[in-house]
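Before any comments, here is the structure.
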Amino acid sequence: MTTTRPVDAAMHRPAPRDRILAAATGLFYVEGINATGVETIASEAHVSKRTLYKYFPSKVALVEQYLTHLREMVVDPRDAQGDGPRERLMQLFAVSRSGDGRLRGCPFHNAAVEAASAMPEVTEVVHTQKRAFADAIVDLCREYGARDPDLLGHQIALLYEGAAALSTSLNDVASWVCARTTVEMLLECARPDTRSTSLTATARDR
């Protein structure tokens, strides 16, 4: 007869730093950075404030780590699943609601707005992410065969940012639908073969 020892739950519990970062990630995105105090984060992570400050010496440091953590979690548009660059670009405009049913928008944009004056140290983290995001879209446009991938990529990035901001303000998916339709039109007109076909049809009609 064999006996098994009960599993020690503590052995499988995330480390304090991981719990703090996980709690901050959820609270910052849903409740907002400025509205979330370190006391709330510590309580959610089941640690003391002293322990929180052991791993993150300030709230600014925690916000920076939160954004860095998000960058690691975000799937690069170039690596998204899809049959080709067009499909991967269109995936950017899929609507996603938070657990409470609200549209929360881009966490990096939200952080830039909230931390604009109170946490200038966060600005560079946001800028790095936004530049990388736009560069990834340009690369996909180049792979797609666009005549001017830089222009098209930045147009699509602008539509994404606008849809994210407006849908958050109104809690309405309409801006995402409009942006998606506009991107489809831009992609349809962006390839050299589309232009050649259009010019041939125009010449034939004359």
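The values are calculated or read from the model by the stated rules, or taken from the named source; none is laboratory data. Remember, it's a predicted structure, so these values are computed and weren't measured experimentally. We place every Cβ from the backbone using ideal geometry, glycine too, and count neighbours over all the protein chains shown.
Residue 108 - would you say it is touching a residue at least 12 places away in the same chain (Cβ under 8 Å), in a helix (DSSP H, G or I) and under 25 Å from residue 28 (Cα atoms)? Break it down stepwise before answering.
Details: touching a residue at least 12 places away in the same chain (Cβ under 8 Å): yes; in a helix (DSSP H, G or I): yes; under 25 Å from residue 28 (Cα atoms): yes.
So residue 108 fits the description; yes.
Among the residues of the range 46-56, count how many are part of a loop (DSSP other than H, G, I, E, B) and within 26 Å of the chain's Cα centre (by Cα). Before you say what the answer is, go through the steps one by one.
Just the residues of the range 46-56 that are part of a loop (DSSP other than H, G, I, E, B), to begin with: 46-48, 56.
Pick out the ones that are also within 26 Å of the chain's Cα centre (by Cα) and you get 56.
So the answer is 1.
Residue by residue, here is whether (1) at pLDDT 80 or above; (2) assigned to a helix (DSSP H, G or I) holds:
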| position | (1), (2) |
| --- | --- |
| 63 | yes, yes |
| 68 | yes, yes |
| 71 | yes, yes |
| 94 | yes, no |
| 97 | no, no |
| 102 | no, no |
| 117 | no, no |
| 128 | yes, yes |
| 136 | yes, yes |
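Looking only at the range 28-49, which residues are closer than 15 Å to residue 14 by Cα and acidic (Asp, Glu)?
Correct list: 44 only.
Within the range 145-160, can you find the residues that are surrounded by 15 or more Cβ atoms within 10 Å (Cβ to Cβ) and within 22 Å of the chain's Cα centre (by Cα)?
149, 152, 153, 154, 155, 156, 157, 159, 160
Mind listing just one residue for me: the one in the range 16-43 that is touching a helix residue (DSSP H, G or I) at 6+ places or on another chain (Cβ under 7 Å), among the hydroxyl-bearing types (Ser, Thr, Tyr) and over 16 Å from residue 69 (Cα atoms) and, of those, surrounded by the most Cβ atoms within 10 Å (Cβ to Cβ)?
The extreme case among them is 36.
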